[in-house]
Every structure is written in C-alpha cells, then in structure tokens.
Amino acid sequence: EAGVVQSPRYKIIEKKQPVAFWCNPISGHNTLYWYLQNLGQGPELLIRYENEEAVDDSQLPKDRFSAERLKGVDSTLKIQPAELGDSAVYLCASSPLTSRFLDEQFFGPGTRLTVL
Amino acid sequence: AQTVTQSQPEMSVQEAETVTLSCTYDTSESDYYLFWYKQPPSRQMILVIRQEAYKQQNATENRFSVNFQKAAKSFSLKISDSQLGDAAMYFCAFLGSGSARQLTFGSGTQLTVLP
C-alpha cells in the first residue's frame with residue numbers, strides 16, 4: 001500500500017513569490033492534515049480536513065496561506081506571497097476516520113521550503 | 001491547552017546499550033493518548049509506540065518501551081539494544097479527547113548512536 005505522497009520534496013523560491021505544495025493521502029483515509037515544522041521543532045497543525053471540509057483551520061495564517069481539498073482526496077497548500085519566515089518543512093498526514101478520537105496519523109516525507 | 005516538554009535536545013548512546021528519552025506533558029484532560037514518533041533525516045515521521053492514558057500497563061514494542069507515570073505526567077521512552085538505525089529525532093506527542101484530533105508535539109530529542 002502506498003503511503004502519503006507529497007511533492008515537491010524541495011522548493012526554493014524568492015520572497016514574495018507564490019508556492020504550492022501537493023499531498024495525496026493514503027487511499028481511503030478521510031482525514032488529512034497539514035503541519036508546519038520549523039527547524040529543530042516539532043510539527044504544528046495548520047489545517048485538518050475531514051473529507052472535503054476544513055474542520056480545524058484556526059492556526060492557518062489566512063492572510064497568505066490557503067488550502068483546498070476539493071474532492072476529498074488530494075490536497076494543495078498554497079502560500080502567496082511567501083516570506084522569509086515561511087522557510088520550513090511542510091508535512092502532510094492522513095488518517096482513517098473512526099468513532100474513537102484516536103486516528104493514527106501517517107505522515108508523508110514533507111516538502112522543505114527555502115525562501116530567499 | 002496542552003503542552004509537551006522534551007528537556008533533552010540531544011542524547012547519545014553506544015550501540016547495543018540502553019537509552020531513555022524524557023517527556024513531560026501538561027493537560028487537564030483525563031482521556032488521552034501519548035505517542036513517540038521517530039523522524040530520520042528522510043523527514044518521514046514514523047510512529048514508534050503509543051500509550052493510552054486509561055491503561056496502567058506500560059506499552060512495549062520490541063526494543064522500545066515506555067514508562068508512563070500518569071500522576072507525574074511523565075512519559076519516557078526506553079530503547080534497548082540500541083542500533084545504528086535508531087539514530088533520528090524523536091518526538092513525544094499528546095492527543096486528547098478534547099483536542100479535536102490535534103497532535104501536540106514536543107520540541108524533539110536528537111539521538112545519536114555511536115558504533
């Protein structure tokens with residue numbers, strides 16, 4: 001079974017440019033997460049989707065960040081315009097939706113963004 | 001809000017020896033899970049072990065075991081017979097029943113395994 005797929009693995013852009021990251025979750029996983037991981041830190045949740053609905057986007061900086069999961073499968077996270085402080089790893093994870101609140105999250109390899 | 005603290009930014013262990021990574025957390029919830037994730041240089045987060053708060057028995061997965069002290073809000077990871085492949089960043093994480101499935105991670109411990 002294929003794991004969570006993310007692309008690109010690396011991205012280098014100039015500040016003020018737009019950038020987009022793509023994530024394809026594990027087949028059948030209803031819940032998708034985007035995390036931000038700064039260097040030397042643990043991941044922090046940006047947004048969580050259940051199917052195509054964003055059920056928790058309270059930590060997404062909505063002035064420059066946006067995300068979509070139109071058909072409830074793959075997802076795109078966009079930054080426009082990028083700032084120097086956005087340099088980080090962006091992780092995607094997915095989990096099956098169960099009745100219990102524990103849904104084991106499976107992570108992708110992440111996209112390392114460098115903003116120059 | 002929950003907080004997870006890992007007070008050891010770096011640890012090292014000799015191959016075949018045992019090492020313990022520390023984690024403390026703070027929460028007012030009574031129903032929750034605790035996790036240890038491993039993140040090698042490839043950046044892929046891999047679940048190592050999880051503990052359900054309502055279970056008194058400490059979780060064990062092969063060479064990995066935890067010491068869960070609920071009253072002290074402590075959750076340490078013991079790696080026995082350390083192998084070179086265990087070298088990675090280890091993150092402690094918390095998931096509460098009231099957290100809307102939001103994992104809260106600690107800042108990580110970088111483990112080096114010396115040959």
*When region A:53-77 is examined, which residues are found to be open to solvent by 40 Å² or more (accessible area, probe 1.4 Å), away from every other protein chain (no Cβ under 13 Å) and in contact with a strand residue (DSSP E or B) (Cβ under 8 Å, 6 or more places away or on another chain)?*
A:66, A:68, A:73, A:74
*asked:* Checking residue A:18 against (1) away from chain B (no Cβ under 13 Å); (2) within 28 Å of residue B:94 (Cβ to Cβ): exactly one of these is not met. Which one?
replied: (2)
*Take region A:68-116 and flag every residue that is under 16 Å from the mean Cα position of the chain (by Cα), among the aromatic types (Phe, Trp, Tyr) and modelled with pLDDT under 95.*
A:106, A:107
_Subset of region A:1-52 that is acidic (Asp, Glu) and in a strand (DSSP E or B) - its residue that is least open to solvent (accessible area, probe 1.4 Å)_ = A:50
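Could you please let me know if residue A:3 is farther than 30 Å from residue B:7 by Cα and small (Gly, Ala, Ser)? Spell out how you get there, then give the answer.
Values: farther than 30 Å from residue B:7 by Cα: yes; small (Gly, Ala, Ser): yes.
Here the answer is yes, as residue A:3 does meet what is asked.
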*For residue B:42, indicate whether it is loosely packed, with under 14 Cβ neighbours inside 10 Å, within 22 Å of residue A:88 (Cα to Cα) and without any contact (Cβ under 8 Å) to a residue 12 or more places away in the chain.*
yes
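Only residues that are closer than 18 Å to residue A:104 by Cβ and within 13 Å of chain B (Cβ to nearest Cβ): list them for region A:27-41, please. Full working, then the answer.
Residues of region A:27-41 closer than 18 Å to residue A:104 by Cβ: A:27-35.
Passing the criteria: A:29, A:30, A:31, A:32, A:33, A:34, A:35.
The values are calculated or read from the model by the stated rules, or taken from the named source; none is laboratory data. Note that the coordinates shown come from a computational prediction; the quantities given were computed from them, not determined experimentally. Because the Cβ atoms are built from the backbone with ideal geometry, glycine has one as well, and the counts that use them run over all protein chains shown. When the accessible area is computed, the model is the full protein with side chains, heavy atoms only, and any ligands, DNA or RNA have been set aside. Shrake-Rupley method; radii C 1.70, N 1.55, O 1.52, S 1.80 Å.
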